[in-house]
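Report on the structure given below.
The values are calculated or read from the model by the stated rules, or taken from the named source; none is laboratory data. Owing to the predicted nature of the structure, the values given are computational and were not obtained by experimental measurement. Note that we place each Cβ from the backbone using ideal geometry, even for glycine, and neighbour counts take in every protein chain shown.
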Amino acid sequence: MNDMSIVERKLTQDEIKISARGVQVYYGDKHAIKDVNVDILDKTVTAFIGPSGCGKSTFLRCINRMNDTIDAARVDGKILLDGEDIYDKRVDPVQLRAKVGMVFQKPNPFPKSIYDNVAYGPRIHGLARTRGELDEIVEKSLRGAALWNEVKDRLQEAGTGLSGGQQQRLCIARAVATQPEVLLMDEPCSALDPIATSQVEELIDQLRQDFSVVIVTHSMQQAARVSQKTAFFHLGNLVEYGATDDIFTRPQDPRTESYISGRIG
Amino acid sequence: MPVSWIILLVLVLAATAYVLGRRRALEGANGDPRRLHSRPVYYGWNAALSALVPAVLMLVVTRLALGSSNLGALLVLAAAIAGVIFALSRTTPDFRARNMVEQVVKAGLILCSSVAIATTLGIILSLVFESAQFFRMYPWQDFLFGTEWTPAFGGGSKLGMLPLLWGTLYISLIALLVAVPIGLFAAIYMSEYAGPRVRAWVKPAIEILAGIPTIVYGLFALVTVGPLLRDWIAAPTGLGDSGSSVMTAGIVMGIMLIPFVSSLSDDIINAVPQSLRDGSLGLGSTPSETIRNVVLPAALPGIVGAILLAASRAIGETMIVVLGAGAMARISGNPFEAMTTITVKIVGQLTGDNDFASPETLVAFALGLTLFVITLALNIFALYIVRKYREQYE
């Protein structure tokens, strides 16, 4: 993997894509997210770090309303996507999730062929009018996920038969194929070996050109490698948010410093 | 001496042996259980089992060889005492008592599991032998491919199986057409849409259906569904005037099968990993698209297995057919006519004062064999599919 290229690529965007104001999340009686305010930029990789159970995944799932699928979860506050409140009654979470794609911790390819996995989103949302267009989207997405060369001769084989790293890149291709504006990644490398991890990390950096990427990670090295902005969560609070370099070299909050130096977490 | 007394004596002996064995082991170790190979209780159990096992074996042997006699009783007691003495003589601190006891327990477990297999084999053998006798008296071609079923005691009967097979398959088909959609949709509702509180009520309520004896369903078919279908559908459309019909039996049998299909499918749908649902919802598909495109295809092999298990239940059902479809053996496409099934005719041929050497009686065994082969094939097919499905997620 080429680490240097990732570091050298500069922040080119300052446009705010997602803006969260006073977000509270309750799981039953548990107050999981406490008053989080954050602005996530377009065409940027933003990393959420923090110890287990700090709420970073919970907050990530607020951004595409996946918490709606959990009965006990309740979300308060405002999250604006391009200035529009996604928790407004007029917003259909189904349409929202087409715009805000998600890649999960464990690779979860559908028990279908590789082609059908990638074509799933475009078919549902009617993004392709002809078979040729669909083929094009599938190829482009698989290329985007750096998987095309490995699978181009076996598109009709089961997606579940790929290796773990390939499965995760297939899931990324599947998310990309729906042509989202934001890509949420919930610890996308935690089930992968180091080689697959570096492939996915490289991919994340490329995705930044087209999407706003938000990644939850347990690995601080990963956050430092792939992200331009980092948010540190602790016990449901957003403790510190800023440029990744600043967070890792000049943390303002003592809790952040303790965490990145390995004393809490 | 009656058997109960022998058994009681042997049990007393075994209890004594337990105490003796345990004490002897502890004495050998100077009262320190840590110097024994196994914990003291195992020495006790070893002695007790050494009394029980030979005694039981001897009891079986003497009953078979000598019948009920005092000599037999003495031999049983002698075997028990010999076993105890042998066990006690081996009870030293180094004796591997736990391993011995576990060997005996394992043998017991193997015995229990082989009972089921042996019984199945026995049933098959008895069916095969009786059927072979039938086919010596009646040509198998006429049985398998005959389209007429007119048994007449005293000779000249036609025993063609096809009308019965037709009735069986026709009724089972209607039953499945009722049970599969309703059961499957109920399962989808319970596993995907119902909240935990609704589920806690609905699932047991549906499963109550499975607890109703089939004869009660039969009564329901006879007094309610049959006349209803005749008066409201069959008679006005001129399709038939009989209360007993394939449709009646099929519908009622379908109702009986709903809990089978729904309960099994519900378990299978629940076994589809949540991560697949999340993946689909995360791509912006609606819950119903997720169920249609991801959950059901993933669960399909298991659902097919459930349907096949329900089908083999339907094929073997008797009581609902007797009361719902009548006993007329005929091949007809009209679902409002009375027909009958293999199972009903097996009962018909064997009840009453019959001569067990005539083909009219023995045909029941050939029918039973046919039924057995059909349901066995369905079950094997279902198990094969269910197993293949399981490998996918474990």
Considering only residues of the stretch A:50-101 that are among the charged types (D, E, K, R), at the interface with another protein chain (Cβ under 10 Å from one of its Cβ atoms) and under 19 Å from residue A:38 (Cα atoms), which is surrounded by the fewest Cβ atoms within 10 Å (Cβ to Cβ)?
-> A:65
Could you tell me which numbered condition residue A:118 fails, if it satisfies all but one of (1) within 19 Å of the chain's Cα centre (by Cα); (2) hydrophobic (A, V, I, L, M, F, W, C); (3) part of a loop (DSSP other than H, G, I, E, B)?
-> (3)
May I ask you to verify whether residue A:140 is of a type outside the set (Phe, Trp, Tyr) and either buried (at least 24 other Cβ atoms within 10 Å of the Cβ) or away from chain B (no Cβ under 14 Å) (or both)?
-> yes
Which residues, counting only those in the stretch B:265-301, are of a type in the set (A, V, I, L, M, F, W, C) and at the interface with another protein chain (Cβ under 7 Å from one of its Cβ atoms)?
-> B:276, B:281, B:283, B:294, B:298
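Every residue, every condition in (1) in a helix (DSSP H, G or I); (2) among the charged types (D, E, K, R); (3) more than 19 Å from residue B:100 (Cβ to Cβ), yes or no:
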{"position": "B:5", "(1), (2), (3)": "yes, no, yes"}
{"position": "B:8", "(1), (2), (3)": "yes, no, yes"}
{"position": "B:16", "(1), (2), (3)": "yes, no, no"}
{"position": "B:25", "(1), (2), (3)": "yes, no, no"}
{"position": "B:38", "(1), (2), (3)": "no, no, no"}
{"position": "B:41", "(1), (2), (3)": "yes, no, no"}
{"position": "B:45", "(1), (2), (3)": "yes, no, no"}
{"position": "B:51", "(1), (2), (3)": "yes, no, no"}
{"position": "B:60", "(1), (2), (3)": "yes, no, yes"}
Criterion: of a type in the set (Gly, Ala, Ser), at pLDDT 90 or above and out of contact with any Gly (no Cβ under 8 Å at 6 or more places or on another chain) - qualifying residue of B:262, B:312, B:288 = B:288
Give just the number: which of (1) without any contact (Cβ under 8 Å) to a residue 12 or more places away in the chain; (2) among the aliphatic types (A, V, I, L, M); (3) touching a Gly at 6+ places or on another chain (Cβ under 9 Å) does residue B:58 not satisfy?
-> (1)
Top-ranked residue in the stretch A:66-124 [being of a type in the set (Lys, Arg) and touching a helix residue (DSSP H, G or I) at 6+ places or on another chain (Cβ under 9 Å); ranked as farthest from residue A:142 (Cα to Cα)] | A:74
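Does residue B:310 fit the bill of being within 15 Å of residue B:172 (Cβ to Cβ), more than 14 Å from chain A (Cβ to nearest Cβ) and either surrounded by 20 or more Cβ atoms within 10 Å (Cβ to Cβ) or touching a residue at least 24 places away in the same chain (Cβ under 8 Å) (or both)?
Numbers: within 15 Å of residue B:172 (Cβ to Cβ): yes; more than 14 Å from chain A (Cβ to nearest Cβ): yes; either surrounded by 20 or more Cβ atoms within 10 Å (Cβ to Cβ) or touching a residue at least 24 places away in the same chain (Cβ under 8 Å) (or both): yes.
Spelling it out, residue B:310 is indeed within 15 Å of residue B:172 (Cβ to Cβ), more than 14 Å from chain A (Cβ to nearest Cβ) and either surrounded by 20 or more Cβ atoms within 10 Å (Cβ to Cβ) or touching a residue at least 24 places away in the same chain (Cβ under 8 Å) (or both).
So, of the residues in the stretch B:274-284 that are over 34 Å from the mean Cα position of the chain (by Cα) and in a helix (DSSP H, G or I), which turns out to be surrounded by the fewest Cβ atoms within 10 Å (Cβ to Cβ)? Lay out the reasoning, then the answer.
Step one: list which residues in the stretch B:274-284 are over 34 Å from the mean Cα position of the chain (by Cα), which gives B:275-284.
Next, only the ones that are in a helix (DSSP H, G or I) stay: B:275-282.
Values: B:275: 16, B:276: 19, B:277: 20, B:278: 20, B:279: 26, B:280: 26, B:281: 23, B:282: 29.
Looking at residues that are over 34 Å from the mean Cα position of the chain (by Cα) and in a helix (DSSP H, G or I), I get B:275.
Conditions tested, residue by residue: (1) in a helix (DSSP H, G or I); (2) surrounded by 11 or more Cβ atoms within 10 Å (Cβ to Cβ); (3) among the small types (Gly, Ala, Ser); (4) in contact (Cβ under 8 Å) with a residue 24 or more places away in the chain.
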| position | (1), (2), (3), (4) |
| --- | --- |
| B:68 | no, yes, yes, yes |
| B:76 | yes, yes, no, yes |
| B:79 | yes, yes, yes, yes |
| B:83 | yes, yes, yes, yes |
| B:109 | yes, no, no, no |
| B:116 | yes, no, yes, no |
| B:141 | yes, no, no, no |
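So that you can scan it fast, the table gives a plain yes or no per residue for (1) within 28 Å of residue B:32 (Cβ to Cβ); (2) under 31 Å from the mean Cα position of the chain (by Cα); (3) outside the structural domain of residue B:19 (by TED's automatic domain parsing):
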| position | (1), (2), (3) |
| --- | --- |
| B:73 | no, no, no |
| B:76 | no, no, no |
| B:105 | yes, yes, no |
| B:119 | no, yes, yes |
| B:125 | no, yes, yes |
| B:142 | no, no, yes |
| B:155 | no, no, yes |
Do we find a residue being of a type outside the set (S, T, N, Q), within 15 Å of residue B:283 (Cα to Cα) and in a helix (DSSP H, G or I) anywhere in the stretch A:99-106?
-> yes
Residue among B:186, B:82, B:152 that is farther than 30 Å from residue B:317 by Cα and either modelled with pLDDT of 90 or more or not β-branched (Val, Ile, Thr) (or both) | B:82
Any helices (runs of 4 or more DSSP H) falling wholly within the stretch B:285-394 and containing at least 1 residues that are among the charged types (D, E, K, R) = B:287-290, B:296-316, B:342-350, B:359-390
Mind listing just one residue for me: the one in the stretch A:214-247 that is surrounded by fewer than 18 Cβ atoms within 10 Å (Cβ to Cβ) and not polar (S, T, N, Q) and, of those, modelled with the lowest pLDDT?
-> A:218
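Out of contact with any Lys or Arg (no Cβ under 7 Å at 6 or more places or on another chain), part of a helix (DSSP H, G or I) and either farther than 23 Å from residue A:40 by Cβ or away from chain B (no Cβ under 14 Å) (or both): does that describe residue A:174? Working first, answer last.
Details: out of contact with any Lys or Arg (no Cβ under 7 Å at 6 or more places or on another chain): yes; part of a helix (DSSP H, G or I): yes; either farther than 23 Å from residue A:40 by Cβ or away from chain B (no Cβ under 14 Å) (or both): no.
No.
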Considering only the stretch A:194-216, state which residues are in contact with a strand residue (DSSP E or B) (Cβ under 6 Å, 6 or more places away or on another chain) and outside any helix (DSSP H, G or I).
-> A:208, A:211, A:212, A:213, A:214, A:215, A:216
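Do you know which residues across the stretch A:71-98 are within 15 Å of residue B:286 (Cα to Cα) and in a loop (DSSP other than H, G, I, E, B)?
Initially, the stretch A:71-98 is screened for residues within 15 Å of residue B:286 (Cα to Cα), giving A:91-98.
Within the stretch A:71-98, A:91, A:92 qualify.
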Taking the stretch A:121-137 and keeping only residues that are part of a helix (DSSP H, G or I), surrounded by fewer than 23 Cβ atoms within 10 Å (Cβ to Cβ) and either without any contact (Cβ under 8 Å) to a residue 12 or more places away in the chain or facing chain B (nearest Cβ under 7 Å) (or both), one is left with A:123, A:124, A:125, A:131, A:132, A:133, A:135, A:136
